[in-house]
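Rule-based calculations on the coordinates, nothing more; no lab input. Note that the structure is predicted; figures quoted are calculated from it, not measured. Virtual Cβ from ideal backbone geometry, glycine too; neighbours counted across all protein chains shown.
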Amino acid sequence: MKPPADAVALPGLLPPADAVALPGLLTPEDAARSRDRSRVYRAREHNRRWYLLWLLVGPGILAMLGENDGPSMISYATTGATYGLGFFLPFIVVTFMMAIVCQEMCMRVGAVTHRGYGALVLQRFGPVWGWFAATDLLFTNLVTLVAEFVAIRIGLAYFHLGAPIAAALGVVLVVFTLSGGRYWRWERVALGLAIFNGLFLVAAIMVKPDWGTVGQSIGTFSPLPGGSFNTLLLLVASTIGATVTPWMVFFQQSASADKGLTPRDLTQGRIDTITGGTLAAIFGCGALIAGAALVGHGGASIQGLAGAGFPGALRAVSGPGVATIFALGLIEAGAVAVLTISASTGYAAAEAVGVRSSLNNSPRRAALFYSATAAVALIAAGVILIPGAPLLSIALNANVLATVLLPVTLVFMIMLANDRELMGRLRNSALLNRVAVAIVAFVSICGAAYGIDSFLQTTHLI
């Protein structure tokens, strides 16, 4: 077989432990991933555990902190402003535990199969379900990306910067990170931005809450708060959609494969996922605690606080420092999510038609992947520039949409993780299956409850 014209010879680069049968010539994508794997091999060979972990972390932290996006943090803060701490603070912790279970499965499937979620659904369940999963994700991602640009716009509005700046910032960031032609470079830039999700924890500290009350709230589930039942269901569904979403499954499995994770890396992959979930839960709780400072100060409603008024409301109650930190946090949350959600769109589109889907490829060799990644960001950026577009409604309902569409994605994920032919001895255990099925049932019930109640109210049946 004649090797590709742009293949390069890399004799002896792949160590025996990580090598696969190769003819001795690698494409640029193979070469880039092989260099990363050679560093992993050397770190493992010399027992450099912390360096090994540093090399292998990334997809899990980015999936979790990417989901701590603008709409999610607005949702958490709105919940805090509406209901205080009480029920929702420990509920956030529980939902991130659910996210860790789901994301560990997709990380493990990606490491074992070296295939993205979309590619495996297409191969194992046929083109109908494969295209359904991809189309479902593309629609959800577009709506969510619009919400991310709204969050960036809200944050910039506090500094008197308009929508064109928000649109340009998001698009330039996507194009810049795609320009390197290397997964490693893209991942490290995104991780550098994701660190600033901790600004929400800083905001929580600056509002000077009663930490004894915070600790008590986390340790005990308070009864469900009163008030509008539909609003309560909205915030429950939105909180779930703020922690577990379809794009996370697509992204982490595809990113794990693109990074080159193997079954030998599962321990580090699990640490990556648990670390990401833990940080995201802490920072999400920080947003809720910061929002809870607005309880009792008027305007504590979704309509009053979920838009550009949130940083301004915090400024009036807790001072300009808190408001500035919160506004910067919204910009960061939206920016990181724009990167990760756009990438998950590119992975899904390319995997659905069976073409190259890797950040280790050049735009010329993976044209559809790069085009879809950039195009969905451009479209979302364009939407926030449309006069009179229902941006607040989109931002508020993006997480709810994710909750409604999530069960189908999780069902396929569970089936893939249990596929004996694909996974062998690394398939799900019986206990993990019971937990995963319980998560699917819980998410389905919460999404259906909000949808049914909203329908009954809209039709005036209740």
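With θ taken as phi - 60° and the Karplus curve 6.51 cos²θ - 1.76 cosθ + 1.60 applied, the whole-hertz 3J(HN,Hα) list for the range 267-278 is 4, 5, x, 5, 4, 4, 5, 5, 4, x, x, 5 Hz, x standing for glycine and proline. Taking other C-beta atoms within 10 angstrom as a stand-in for reagent exposure, Val249, Val93, Val174, Val355 fall in the order Val355, Val93, Val174, Val249, fewest first.
Taking a sphere under 13 Å around the Cβ of Thr267 and counting the other residues whose Cβ falls inside, with K and R at +1 and D and E at -1, yields a net charge of +2.
Gain on full extension, evaluated as 0.36 nm per residue between Phe159 and Ile195 minus their Cα-Cα distance, stands at 10.8 nm.
Among Glu104, Glu29, the order by Cβ neighbours within 10 angstrom, fewest to most, reads Glu29, Glu104.
For the pair Met415 and Ala430, label points projected 7 Å from Cα toward Cβ lie 2.4 nm apart.
For the pair His114 and His46, label points projected 7 Å from Cα toward Cβ lie 2.6 nm apart.
Per residue, the Cα convex hull of the chain amounts to 150 Å³.
By the count of other C-beta atoms within 10 Å, a proxy for reagent exposure, His160, His46 are ordered fewest to most as His160, His46.
State the extension gain, in nm to one decimal, for the chain segment bounded by Arg185 and Ser393, taking 0.36 nm per residue of separation less the distance between their alpha-carbons.
Working: separation 208, 0.36 × 208 = 74.88 nm, distance 3.52 nm.
Extra length available between Arg185 and Ser393 comes to 71.4 nm.
Cα extents for the range 337-449 along the principal axes, largest to smallest and rounded to whole angstrom: 51, 43, 19. Distance between the modelled labels on Ile445 and Leu368, one decimal in nanometres: 4.1 nm (7 Å Cα→Cβ projection).
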